[in-house]
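The values are calculated or read from the model by the stated rules, or taken from the named source; none is laboratory data. The model shown is predicted, which means the values in this text are computed figures rather than measured ones. FYI the Cβ positions are ideal-geometry reconstructions off the backbone, even for glycines, and counts take in every protein chain you see. Calculation scope for accessible area: heavy atoms of the full protein, side chains included, ligands and nucleic acids excluded. Shrake-Rupley method; radii C 1.70, N 1.55, O 1.52, S 1.80 Å.
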Amino acid sequence: MSAASNWPALWRTWQTLPLLDRWNGRSLAHQFLLAGGVVSLAAMVAVGLLVTKLIETGVTRNSAAATALYVDSIIAPLLPDMQTNEVLGDTVTRALDETLGQGALGRRLVSYKLWRRDGTILYSKDKSVVAIRLEMNQDLARAFAGDMTARFERIEDIESEAERAIGQPLLKIYNPVLQPWSGEVVAVSELSEIATELERSLRQAALLSWLAVASVTLGFFLVLSAIVFRGSREIGNQSHALEARVRELSDLLAQNRSLRLRVQRASQRTTALNESFLRRISADLHDGPAQLVALASLKLDSAALLDPNSSAEERERIAVAIKSSLDGAMREIRNICNGLVLPHIESAQLTEVLALAVSEHEQRTDSGIELSLSNPPQSLSPSAKICIYRFVQEALNNGYRHSNGARQSVMLTSENGQVFVEVCDNGPGFDPTVVRPGCLGLAGLRERVESLGGGFEIESSSNGTKLKMFLNIDEVNRA
């Protein structure tokens, strides 16, 4: 099945996972990118709204203060003493109409009202509301308390139908009218100014503030993202390295358990093999030297030897037979001893060890062995050299015994940190799967090689037999 066809199934599996599992399945960098992006966006919006509001409030108040000061400087000289006069005279009303209805002030102001403290409108450009007493709103109450208030109203926010019909944003200002000598608030002037320029300024200020906030937030988020992604990548690399190390340790533990079991099995088999070797030595001594010594002993008890009337020739013949039996027993004993005692090979090179094993076999069997050496290792531990010596010795003995020494050869090679030894012959061969349990030679060789961590193989057919072993040079040298 192709990877593309697996995507729908993988996506459905992903969707069925709980949200927390899907979240935990992402890397730290992806989690930060998602969570940090949401938080940064929310922070940017909150800060942008706050900054925009503060800018709008400050610009509106400053613009309102400038307009209020300008209007108050023109209107104040026209007003009477508002503390003693509760109504405006016709003269003051006409003066206000002329001042507010023409010139730059008339073009800027949409409406103008003068409020008395009890909520009565003393003057208005809209004559229909003059002398009407209305309930004061919050802005008007704050103005009578001495605070100038201003409110920017966009077209859609304007409540008055007449003002909305103008189709332009307004700046509504409530400015307290103070008594010159006491500073007491005696009236409030309410004016609505066309605020097209103010709206343009506010939009520009809002745009710049949003750009600044977005730039700072984006830069801050990108810097943090770079740091987090770098840390996440480093954590990921360390995590992969740690996982690889854990796998290596697990493999080593498994190998150690396997080696421990192999050592236990090898120890058990070695104990059994030692007993078998002892029985074989006992059998060799019993069947060889013991028989010859017994024969010599029987000849010593011969009647011809004890009879003083026997001829000298007969006695000499018996003495020669006794000597021959004893000489044969000695040879058997020497052969057994030579097989048990190792030569001094600790300081010898591997090539010398192999040559020694081959020459001893040639002398003992009066046969010829072909020895081939290719790239022999220069340094090898004594245990490895003993193992190879015993392997060659036992393999040659087995080959000579079972194949009559038919063209035996020994070959040594080393490559990739391993040393290989092969002993071959051209005998009739045998079936390795039906080797008798009592066949100590092959079992002993296998145990000896595998105890050093090496390998042992048997290849046999009607064309001959090949015994092979290999050892890891570094491993046996560290042991």
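Structure data summary
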| item | result |
| --- | --- |
| Matching residues, the stretch 439-471, being assigned to a helix (DSSP H, G or I), touching a strand residue (DSSP E or B) at 6+ places or on another chain (Cβ under 9 Å) and open to solvent by 30 Å² or more (accessible area, probe 1.4 Å) | 446, 448, 450 |
| Residue in the stretch 383-401 that is at pLDDT 85 or above and not in a helix (DSSP H, G or I) present | no |
| Members of the stretch 35-69 that are more than 23 Å from residue 147 (Cα to Cα), of a type in the set (A, V, I, L, M, F, W, C) and modelled with pLDDT under 80 | 35 |
| Criterion: at pLDDT 80 or above, open to solvent by 70 Å² or more (accessible area, probe 1.4 Å) and not hydrophobic (A, V, I, L, M, F, W, C) - qualifying residue of 264, 268, 204 | 204 |
| Condition check for residue 367: in a loop (DSSP other than H, G, I, E, B), over 10 Å from residue 350 (Cα atoms) and more than 48 Å from the chain's Cα centre (by Cα) | yes |
| In the stretch 24-69, the residues that are open to solvent by 90 Å² or more (accessible area, probe 1.4 Å) and either free of Cβ contacts under 8 Å to residues at least 24 places away in the same chain or within 22 Å of residue 206 (Cα to Cα) (or both) | 24, 26, 38, 39, 41, 49, 50, 53, 54, 61, 62, 69 |
| Filter pass, residue 91 being modelled with pLDDT of 75 or more and in a helix (DSSP H, G or I) | yes |
| Selection from the stretch 312-336 of residues that are of a type outside the set (Val, Ile, Thr) and within 14 Å of residue 289 (Cβ to Cβ) | 324, 325, 326, 327, 328, 329, 330, 331, 332, 334, 335 |
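Table: residues versus (1) farther than 16 Å from residue 466 by Cβ; (2) in contact (Cβ under 8 Å) with a residue 60 or more places away in the chain; (3) surrounded by fewer than 21 Cβ atoms within 10 Å (Cβ to Cβ).
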{"position": "357", "(1), (2), (3)": "yes, no, no"}
{"position": "366", "(1), (2), (3)": "yes, no, yes"}
{"position": "374", "(1), (2), (3)": "yes, no, yes"}
{"position": "378", "(1), (2), (3)": "yes, no, yes"}
{"position": "387", "(1), (2), (3)": "yes, yes, no"}
{"position": "396", "(1), (2), (3)": "no, no, no"}
